[in-house]
Amino acid sequence: QVQLMESGGGLVQPGGSLRLSCTASGRFFSINRMGWYRQAPGNERELVAGISSTGSTNYADSAKGRFTISRDNAKNMVSLQMDSLKVEDTAVYYCNAGTTYRSHGPEFRYWGQGTQVTVSS
């Protein structure tokens with residue numbers, strides 16, 4: 001079993017910045033792709049940004065140019081630096097990670113509990 005612990009959410013004014021972090025703990029062989037998703041009230045959960053184990057990244061169009069995803073494989077950590085935040089970025093942000101329990105084994109994906117990001121003046 002893998003646990004994902006998120007931190008860094010909060011209240012920020014439009015144009016401000018926040019940094020989210022997520023650390024994976026538990027017993028696993030490897031962590032593959034990690035990512036951040038978000039869900040606003042009444043909306044479906046959507047991908048914000050993802051990063052592979054080798055550092056390849058992808059972003060939602062809404063995040064490009066404003067958000068930066070990074071990871072520290074030694075610490076099993078993924079971070080999301082969010083700059084130039086907008087009111088429409090308000091949502092619960094979830095960490096997601098795919099792990100394996102043996103070499104070439106199947107991947108299991110896990111979710112964090114979510115952290116609230118509110119952008120408001």
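Some values worked out for this structure:
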| item | result |
| --- | --- |
| Restricting the range 60-75 to residues that are more than 11 Å from the chain's Cα centre (by Cα) and open to solvent by 50 Å² or more (accessible area, probe 1.4 Å), the residue that is farthest from VAL119 (Cα to Cα) | ALA74 |
| Meets criteria (in contact with a helix residue (DSSP H, G or I) (Cβ under 9 Å, 6 or more places away or on another chain) and closer than 21 Å to ASP83 by Cβ) for ARG38 | yes |
| Residue that is within 22 Å of GLN1 (Cβ to Cβ), polar (S, T, N, Q) and free of Cβ contacts under 8 Å to residues at least 60 places away in the same chain, where the choices are SER30, SER70, SER53 | SER53 |
| Breaking point among (1) closer than 17 Å to SER7 by Cα; (2) open to solvent by 20 Å² or more (accessible area, probe 1.4 Å), for MET82 | (2) |
| Selection count where residues are in contact with a Cys (Cβ under 9 Å, 6 or more places away or on another chain) and either under 12 Å from MET34 (Cβ atoms) or surrounded by 19 or more Cβ atoms within 10 Å (Cβ to Cβ) (or both), scope the range 95-121 | 7 |
| Which numbered condition SER7 misses (of (1) open to solvent by 30 Å² or more (accessible area, probe 1.4 Å); (2) more than 12 Å from THR115 (Cβ to Cβ); (3) in contact (Cβ under 8 Å) with a residue 40 or more places away in the chain) | (2) |
| All positions within the range 17-31 that are more than 16 Å from SER70 (Cβ to Cβ) and surrounded by 14 or more Cβ atoms within 10 Å (Cβ to Cβ) | PHE28, SER30 |
| Pairs, first at negative phi in the range 100-121, second part of a loop (DSSP other than H, G, I, E, B) and among the small types (Gly, Ala, Ser), C-beta under 7 Å, six or more apart | THR115/GLY8; THR115/GLY9; GLN116/GLY9; VAL117/GLY9 |
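The values are calculated or read from the model by the stated rules, or taken from the named source; none is laboratory data. From a predicted model like this one, the values you see are computed outputs, not experimental measurements. Note that each Cβ is placed from the backbone with ideal geometry, even for glycine, and that neighbours are counted across all protein chains shown. These accessible areas exclude ligands, DNA and RNA; they are computed on the full protein's heavy atoms, side chains included. Shrake-Rupley method; radii C 1.70, N 1.55, O 1.52, S 1.80 Å.
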